[in-house]
Amino acid sequence: MTDAATNMRLKLPLICIILEVILIILFGALVQYDHGTDARKWHEHLKNHSDYENDFYFRYPSFQDVHVMIFIGFGFLMTFLQRYGFSSVGFNFLIAAFALQWATLMQGFFHGMHGGKIHIGVESMINADFCTGSVLISFGAVLGKTSPVQLLVMALFEVTLFAVNEFILLSALGAKDAGGSMTIHTFGAYFGLVVTRVLYRPNLDKSKHRNSSVYHSDLFAMIGTIYLWMFWPSFNSAVTAHGDDQHRTAMNTYYSLAACTLSTYAMSALTAHDGKLDMVHIQNAALAGGVAAGTAGEMMLTPFGSMIVGFLAGIISVLGFKYLSPILEEKLKIQDTCGVHNLHGMPGILGAIVGAVTAAIATTDVYGDGMADVFPDVASGEVEASFQGVRQAISLAVTLGIALLGGLIVGFILKLPIFGAPPDTICFEDSIYWEVPGDEEAHEDQLTTVVRTEEAEKLNS
Amino acid sequence: MTDAATNMRLKLPLICIILEVILIILFGALVQYDHGTDARKWHEHLKNHSDYENDFYFRYPSFQDVHVMIFIGFGFLMTFLQRYGFSSVGFNFLIAAFALQWATLMQGFFHGMHGGKIHIGVESMINADFCTGSVLISFGAVLGKTSPVQLLVMALFEVTLFAVNEFILLSALGAKDAGGSMTIHTFGAYFGLVVTRVLYRPNLDKSKHRNSSVYHSDLFAMIGTIYLWMFWPSFNSAVTAHGDDQHRTAMNTYYSLAACTLSTYAMSALTAHDGKLDMVHIQNAALAGGVAAGTAGEMMLTPFGSMIVGFLAGIISVLGFKYLSPILEEKLKIQDTCGVHNLHGMPGILGAIVGAVTAAIATTDVYGDGMADVFPDVASGEVEASFQGVRQAISLAVTLGIALLGGLIVGFILKLPIFGAPPDTICFEDSIYWEVPGDEEAHEDQLTTVVRTEEAEKLNS
Amino acid sequence: MTDAATNMRLKLPLICIILEVILIILFGALVQYDHGTDARKWHEHLKNHSDYENDFYFRYPSFQDVHVMIFIGFGFLMTFLQRYGFSSVGFNFLIAAFALQWATLMQGFFHGMHGGKIHIGVESMINADFCTGSVLISFGAVLGKTSPVQLLVMALFEVTLFAVNEFILLSALGAKDAGGSMTIHTFGAYFGLVVTRVLYRPNLDKSKHRNSSVYHSDLFAMIGTIYLWMFWPSFNSAVTAHGDDQHRTAMNTYYSLAACTLSTYAMSALTAHDGKLDMVHIQNAALAGGVAAGTAGEMMLTPFGSMIVGFLAGIISVLGFKYLSPILEEKLKIQDTCGVHNLHGMPGILGAIVGAVTAAIATTDVYGDGMADVFPDVASGEVEASFQGVRQAISLAVTLGIALLGGLIVGFILKLPIFGAPPDTICFEDSIYWEVPGDEEAHEDQLTTVVRTEEAEKLNS
């Protein structure tokens, strides 16, 4: 039932092997252990230090939590579709494994070079996972409508643009965005939304019957949701400064998420005509509190402030799913499979705004010597806190600009008819790219029928 | 098919929003960062200390393990019911997100006040999750028979009473209970059992066909079981003193659980007429070793002692499921959906007794200077070890008293006919409170029939 | 439908209780807290040290990741079979809980004795989990064809032989194998393969229809795969030296796995006639990069070297599944249910070879003072690096020898007709040892028919 165009037998091996060989060559040429991972350098360092000062012990537990979010969290969150579980987890796995390697190089190129070499350790691993997260958000927008080859091509370009944007924000503009409300969520969401807009399929309703969940697929998706929710405090705090910064960021995120969960349940019941909770809201909107605390989480936002942010994020997100997504699809032709605009787009913008405001009102009275960790340029007197707020706001605008423009270009690249995209009739369907177990034979027959019908239609037209 | 009484459209949003707004106001008025999360305070502290001394690095990995137990462990353990997976994970999620916020305030009020303010950090987050665990245990007793509004009301009162009981035990009586055999498990179980007794439904057998598992729901439940089992060492050690105490508690719990698993499998096969293992036992009784090591785990129980405790806990728990639960249901009218009496009730009491005995025989010879961490009042000479044992025993009695009385009162509150409890015919059923996916239409039709039949019966009677 | 031979009512309780009682007695006689878990000893130590130097904080997060791999990773990886999920997770749980206790004793006996006592702490817990992992690999080879009693007997002997082999390698031969390419993977795989060879069932095709997956069972298996993949960096680094060693090992493994994932997807599509990805490859071969980095991961392999190793491991593993496994089954009569030869066997050997080569080319220029951590005998001048390479190669040969011989003997022990092995017609089937939920009644009927048919055949023959 697979026709030639979507047959991956040569396309997928070719791109995987070419990409991996390039990665290996570039790693061989450019990448070195940093002073915490290199045997000689660390042991020189040890003369005046102790092993417990190795960054590994400050960040590795957070790294592993982030890793779980990337591979289990994103992967299983997208298994909600009834016939797309293999692809959701499996393509998530593939593109994440590629993206984290490529991100190591791109991010290293922009801000990890030492004497012509990229130095890597646990912090670069976290940053690579973060960048990967952004790609997976975009994957959510195009879920079910793209081939693995398209996804790898998208990842290749998106990682590169992510690194450019991140460099402009954090290095050139001096913005703060530890949990990535802007760099990860806003960027990934709007990039993906533009890509899916360019890839618009007017006849996608031919696969409509598969673009929905079944009972157990919703439970699998909840595994993803809950892991994302639990480990978001680790995500936002993973690369903040040691000590109070990591501690505070984790705690702020924890309370933001808790408050968001209550507003999500409230809005889900309130907007349903019969008061029944909608799994789509619970699976997604309850996470918006983590997104919205991504920038300000490391600041002295207070648990009180975090809860307000989370509370609002949940409300915005459910309203987006209920009222905005249908409009985006009908009027703007944006087919956003997972609703990333509601989970990552709007809450990301909210997070950026909260970050700008929180930065603008920072005072030495509140931060004490900790100002140097959170706002080094304010602490050094280089800029006023209010100007730090302006920087943050500009960063949001830059992120949106790069995401929209980048998504446009990459979208058109992905439209080239060489990447094996599925036909409109076989979207949201594993069996086009996967061997599915035998009990699905009946189902395969149906598909064959669909394909044949489509072919017949083509012949007739 | 939802009749007005169980329609959550206004009830659920109302309670969620009111509770969250109250929480936000109280957090704004009362809650502050502690010295490990506050930028200014920690950086003052840093003048004589180092970042790796921040409590975050001692406890955050344990916190995240506990967090997984609360949200994945408890949530998925309860998905064993064939048609209640959304509610098991989803209501678990909702009431936990509420309870942890409310617990921060209640526990802070009783033992975290500094100059009129509640100071919070990773330790308070763990304690809040612990208190939440107790509520989720009670949820297990009433699973399938309560509306989300009832559950939130229950959580509101139970968290409050938990904090009172915890204060009496740990502060007033000077008992030790790091892993909560008494404060969490015994309290949560007996509170929940009394609540379910008060909410007794004589006609629950009308939903009997849904009060059982299917093949895949049992596998989902095993996700919960295994996570609880694996992370229980982190649970029991999460708030013990730094150093040997955390280390020893984790190790004792590890061996207690391993021994418990073997006795559970033994008893499950032995008590089945055909020698076949029963998933209910494996999913639950294998965890009793963690419960039973909750008090004595931090003491010098030795791995040998821990294994004996775990071994006994597994036996008691399986026997409870097999022989005691049916009696409780028939004679005492206690409809304990998850069998929390067998997993948390009896093993909790066992743990309390083991703790009392282990405390009573503590000697300086064994504990050395470590006595000050485990039994500060014994180390200071304020009390004899034997009296510490008495304190522990009294604590068990107090816990049972408050749980039983509290459950009684709260049970009657929950009986008020305003919270949207499901009718007897639609218990253990997601579709009363959730949109369930389309493939369940046939099933919904059946339900509609059931409801209509019931309505017809009402009219006829 | 269970006939007397496979009835576990007495056999399973008997062996569980006898084993656990022996364990408890031996723990009571031989096991003591080490200086990091003992209250008195640690507090004596504290006079010149600090709590953050307790090994707990260096290793416990890694331990918990390893623990997840053992219980969730291995357990769920094996749930791919359509009717064997209870047994996969449940027997995995049982034999792991036993093996970790027995391993504590066996490993302690060989290299943890202090004045006649075995001293235990977090490092011994990790090592016990490691040894357990080896048993679970062997379990994968015999999956579906063995009773729980057989599995416990196998674990009893295999743990013992594992400890002997480990002692010879690490203590007698002075080899390095932190992540266990040899001690865990090669040993476990070839031991299991010989066992399954001895237990060869010529009529296993009578259960062929159950020796395959269904849609949701493959998704459950992916939970196992992803957890193994994510936490493998923790596995390989869990017992390496503090500081750069743990840090570097984790990072090397991370890149090895990422590269392996790309080559796995490439080879899976390439070797399929229609270019469709095969879940078996994704679930297994993508992990081979972790196995292959098990020995050299702690060395200065570089990320570049790690990626080459992972890339090759993925290729070898998929080719093994595709072309070698059928040959092993047909020609050598090795019925390897999970394909452990492809995931653990060949990649383990690859890892051993990579380790030998990497050791042989180690120089002080590269390792600096870190040489003492990685190759203490080279650092002390006792041996040349090239000879360390020879030691590593000899270790591989020793491991293969002990695994093959041990598997042979244990295989014949397991063949004794007293352990309740399932008949050929009811392999890969939960209902022979488990109560399965009611919706499976139809299925049970089929089984009954099968059994009756078989009995009829016996009568006729």
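The values are calculated or read from the model by the stated rules, or taken from the named source; none is laboratory data. Everything numeric here is computed off the predicted structure, so don't read it as measured data. So basically every Cβ, Gly included, is an ideal-geometry build from the backbone, and we count neighbours across all protein chains shown. Only protein heavy atoms, including side chains, enter the accessible area calculation; ligands, DNA and RNA are left aside. Shrake-Rupley method; radii C 1.70, N 1.55, O 1.52, S 1.80 Å.
The residues listed here are B:M307, B:M267; of these, the one that is open to solvent by less than 10 Å² (accessible area, probe 1.4 Å) and either touching a residue at least 24 places away in the same chain (Cβ under 8 Å) or more than 7 Å from chain C (Cβ to nearest Cβ) (or both) is B:M307.
Listed by first and then second residue, the pairs with beta-carbon distance under 8 Å, at least 6 apart or on different chains, first residue in the stretch B:338-353 and under 23 Å from B:N211 (Cβ atoms), second open to solvent by 10 Å² or more (accessible area, probe 1.4 Å) and not in a helix (DSSP H, G or I), are B:H341/B:I334.
Whether a residue is closer than 20 Å to B:L170 by Cα and within 14 Å of chain C (Cβ to nearest Cβ) was assessed, and B:G355 does not pass this test.
Cβ-Cβ distances below 8 Å connect the following pairs, each with a first residue in the stretch C:74-86 that is more than 18 Å from C:V436 (Cβ to Cβ), a second residue that is outside any helix (DSSP H, G or I), and a separation of six or more residues or different chains: C:L77/C:C338.
Taking the stated definitions as given, is C:A4 closer than 30 Å to B:G370 by Cα, over 26 Å from the mean Cα position of the chain (by Cα) and without any contact (Cβ under 8 Å) to a residue 12 or more places away in the chain? Spelling it out, it is not the case that C:A4 is closer than 30 Å to B:G370 by Cα, over 26 Å from the mean Cα position of the chain (by Cα) and without any contact (Cβ under 8 Å) to a residue 12 or more places away in the chain. So how many residues does the stretch A:356-388 have that are over 18 Å from A:G305 (Cβ atoms), open to solvent by 40 Å² or more (accessible area, probe 1.4 Å) and of a type in the set (V, I, T)? Going through the stretch A:356-388 one residue at a time, the tally reaches 1.
Is one or more of the residues making up the stretch C:313-325 open to solvent by less than 30 Å² (accessible area, probe 1.4 Å) and within 12 Å of another protein chain (Cβ to nearest Cβ)? There is at least one residue in the stretch C:313-325 that is open to solvent by less than 30 Å² (accessible area, probe 1.4 Å) and within 12 Å of another protein chain (Cβ to nearest Cβ).
Would a scan of the stretch A:279-290 turn up a residue that is touching a strand residue (DSSP E or B) at 6+ places or on another chain (Cβ under 8 Å) and modelled with pLDDT of 95 or more?
Checking the stretch A:279-290: at least one residue is touching a strand residue (DSSP E or B) at 6+ places or on another chain (Cβ under 8 Å) and modelled with pLDDT of 95 or more.
Any residue at all in the stretch A:118-126 that is surrounded by fewer than 24 Cβ atoms within 10 Å (Cβ to Cβ), modelled with pLDDT of 95 or more and acidic (D, E)? Scanning the stretch A:118-126, I find at least one residue that is surrounded by fewer than 24 Cβ atoms within 10 Å (Cβ to Cβ), modelled with pLDDT of 95 or more and acidic (D, E), so the answer is yes. Residues in the stretch A:210-234 that are more than 9 Å from chain B (Cβ to nearest Cβ) and either open to solvent by 10 Å² or more (accessible area, probe 1.4 Å) or within 22 Å of A:Y52 (Cα to Cα) (or both): 1 in all. Checked across the stretch B:354-367, the condition of being aliphatic (A, V, I, L, M), within 22 Å of the chain's Cα centre (by Cα) and within 30 Å of C:E435 (Cα to Cα) holds for no residue. Of all the numbered requirements in (1) open to solvent by less than 10 Å² (accessible area, probe 1.4 Å); (2) within 10 Å of chain C (Cβ to nearest Cβ), A:R83 misses one, and that requirement is (1). Among the conditions (1) assigned to a helix (DSSP H, G or I); (2) open to solvent by 10 Å² or more (accessible area, probe 1.4 Å); (3) within 14 Å of another protein chain (Cβ to nearest Cβ), the only one that A:M300 does not satisfy is (1). When you look at C:G294, is it in a loop (DSSP other than H, G, I, E, B), more than 8 Å from every other protein chain (Cβ to nearest Cβ) and in contact with a helix residue (DSSP H, G or I) (Cβ under 7 Å, 6 or more places away or on another chain), yes or no? Answer is yes for this residue.
Restricted to helices (runs of 4 or more DSSP H) entirely inside the stretch C:51-132, those with at least 3 residues that are under 25 Å from C:L173 (Cα atoms) are C:85-111. The numbered conditions (1) surrounded by fewer than 21 Cβ atoms within 10 Å (Cβ to Cβ); (2) within 24 Å of B:A221 (Cα to Cα) are all true for B:L343 except (1). With respect to (1) within 7 Å of another protein chain (Cβ to nearest Cβ); (2) open to solvent by 10 Å² or more (accessible area, probe 1.4 Å); (3) within 24 Å of B:H281 (Cα to Cα), the lone exception for B:V89 is condition (2). Of the residues making up the stretch A:185-203, none is part of a helix (DSSP H, G or I), within 14 Å of chain B (Cβ to nearest Cβ) and either out of contact with any Asp or Glu (no Cβ under 6 Å at 6 or more places or on another chain) or within 27 Å of A:S62 (Cα to Cα) (or both).
Can you confirm whether A:V21 is of a type in the set (A, V, I, L, M), open to solvent by 10 Å² or more (accessible area, probe 1.4 Å) and touching a residue at least 24 places away in the same chain (Cβ under 8 Å)? In short, no. C:N284 meets each of the listed conditions (1) within 7 Å of chain A (Cβ to nearest Cβ); (2) part of a helix (DSSP H, G or I) apart from (1). Scanning the stretch A:9-49 for residues that are among the polar types (S, T, N, Q) and facing chain C (nearest Cβ under 7 Å) returns a single hit, A:T37. Each residue in the stretch C:241-264 was checked for being more than 7 Å from every other protein chain (Cβ to nearest Cβ) and surrounded by fewer than 24 Cβ atoms within 10 Å (Cβ to Cβ), and 1 of them qualify.
Under the condition of being open to solvent by less than 10 Å² (accessible area, probe 1.4 Å), at the interface with another protein chain (Cβ under 8 Å from one of its Cβ atoms) and over 30 Å from A:G368 (Cβ atoms), the residues counted in the stretch B:50-75 number 4. Consider the stretch C:391-439. How many of its residues are without any contact (Cβ under 8 Å) to a residue 40 or more places away in the chain, within 19 Å of C:F86 (Cα to Cα) and away from every other protein chain (no Cβ under 14 Å)? Final tally of qualifying residues: 0. Of all the residues in the stretch B:403-442, those that are outside any loop (DSSP other than H, G, I, E, B), at pLDDT below 95 and surrounded by 15 or more Cβ atoms within 10 Å (Cβ to Cβ) number 1.
Just one of the numbered conditions (1) within 11 Å of chain C (Cβ to nearest Cβ); (2) under 22 Å from A:L14 (Cβ atoms); (3) open to solvent by 10 Å² or more (accessible area, probe 1.4 Å) is not true of A:F157: (1).
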